[in-house]
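S.K.: Please read through the structure below; I'll follow up with questions.
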Amino acid sequence: MKLFDPFPSKVVAVGRNYREHAKELGNVAPDEEPILFLKAPSALIGPGESILLPPESQRVDYEGELALVIGKKIKNHPQEKWLEALAGVACANDVTARDLQKKDGQWARGKSFDTFCAVGPGIVPGLDPSDLAITTRVNGAVKQSSRTSEMVFSPAFLVAYISRMMTLNPGDLILTGTPAGVGPLSAGDTVEVEIEKVGVLANPVVKR
């Protein structure tokens, strides 16, 4: 299935959705409701495209994630029918200017630089992603390793919950959060996000 067709009207992301990741950054994972934020759709790139390190940031981190791709317009979608709302799933890298995220106190700038939302290698339809292995590697070394079943809020819950807040359109993306093990990227690195049964998303890293 072709990436970004239709092009997303929005990228909705979930913060601190793995307890160990929240802990490693000195935070507590939410228990009652997920933390939502938006990434600019202009940040999107596909497999093989370069992640550009901006001069405004001194610390740019990888965050390997599962992406849910919405397949039809939904509002107040029932949780038990969540899979019917999906065009499929993909790997994602929620690239983050960590220093700017901390400095700003809100996440729009640190999450939305051009090239800070890598998605791919393709969209896999008909797959229940509720319990899949997820791994991030930098230059071949494993940095993140977990399972999607370790999420605080499941993909099924997120589709229903987010559709209560905002209408989701075909092509829209939900980034479901990152496991523990985030860390910085440097020019010359290659970062890979692999999800079981989905594939490997690989992107080189260069200075802008």
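Please treat every number below as a calculation from the coordinates, not as lab data. Fair warning: this is a prediction, and the values are worked out from it, not measured in the lab. Quick reminder, even Gly has a Cβ in these numbers, built from the backbone with ideal geometry, and neighbours come from all protein chains shown.
S.K.: Only Cα pairs under 8 Å and at least 6 apart count here; give the relative contact order of the chain as a rounded whole percent. Provide the component values of the computation, followed by the final result.
M.R.: Working: 556 pairs, mean separation 71.5, N = 208.
Computed over the chain, the figure is 34 percent.
S.K.: Which of these, GLU192, GLU32, GLU56, has the largest mean-square fluctuation under a Gaussian network model of the chain (Cα springs below 10 Å)?
M.R.: Ranking GLU192, GLU32, GLU56 by mean-square fluctuation puts GLU32 first.
S.K.: Here's a follow-up. Build a GNM of the chain with springs between Cα atoms under 10 Å: which of GLY105, GLY48, GLY177 gets the top mean-square fluctuation?
M.R.: Comparing GLY105, GLY48, GLY177 in a Gaussian network model of the chain, the most mobile one is GLY105.
S.K.: Relative to the longest principal axis of the chain, what angle (0 to 90°, nearest 10) does the C-alpha long axis of helix 155-165 take?
M.R.: Tilt relative to the chain: about 80 degrees.
S.K.: Can you compute the helix-only [θ] at 222 nm over the chain? Use -39500 (n - 2.57) per DSSP H run of at least 4 residues, normalise by all residues, nearest 500 deg cm²/dmol.
M.R.: -3500 deg cm²/dmol
S.K.: Using Cα springs under 10 Å in a Gaussian network model of the chain, which residue among LEU68, LEU100, LEU168 shows the largest mean-square fluctuation?
M.R.: Highest fluctuation of the listed residues: LEU100.
S.K.: Right, here's the next one. Around ALA29, what is the net charge, scoring Lys/Arg as +1 and Asp/Glu as -1 over all other residues with Cβ under 14 Å from its Cβ?
M.R.: Values: positive: ARG16, ARG19, LYS23; negative: GLU20, GLU24, ASP31, GLU32, GLU33, GLU150.
Local net charge: -3.
S.K.: Next question. Starting from the 7 Å offset along Cα-to-Cβ, what nm value, one decimal, do you get for the label separation of GLU80 and ARG147?
M.R.: It is 2.6 nm.
S.K.: Let me ask something else about it. Return the percentage of antiparallel bridges among DSSP beta bridges fully within segment 11-207, rounded to the nearest 5 %. Write out the running numbers ahead of the final one.
M.R.: Details: 43 of 51 bridges.
Rounded to the nearest five, the antiparallel share is 85 percent.
S.K.: Next question, about the same structure. If packing is taken as the average number of other Cβ atoms within 10 Å across a peptide's residues, how do 131-138, 75-82 rank, most packed first? Don't skip to the end; give the middle numbers.
M.R.: Working: 131-138: 19.0, 75-82: 13.4.
Result, highest mean Cβ count within 10 Å first: 131-138, 75-82.
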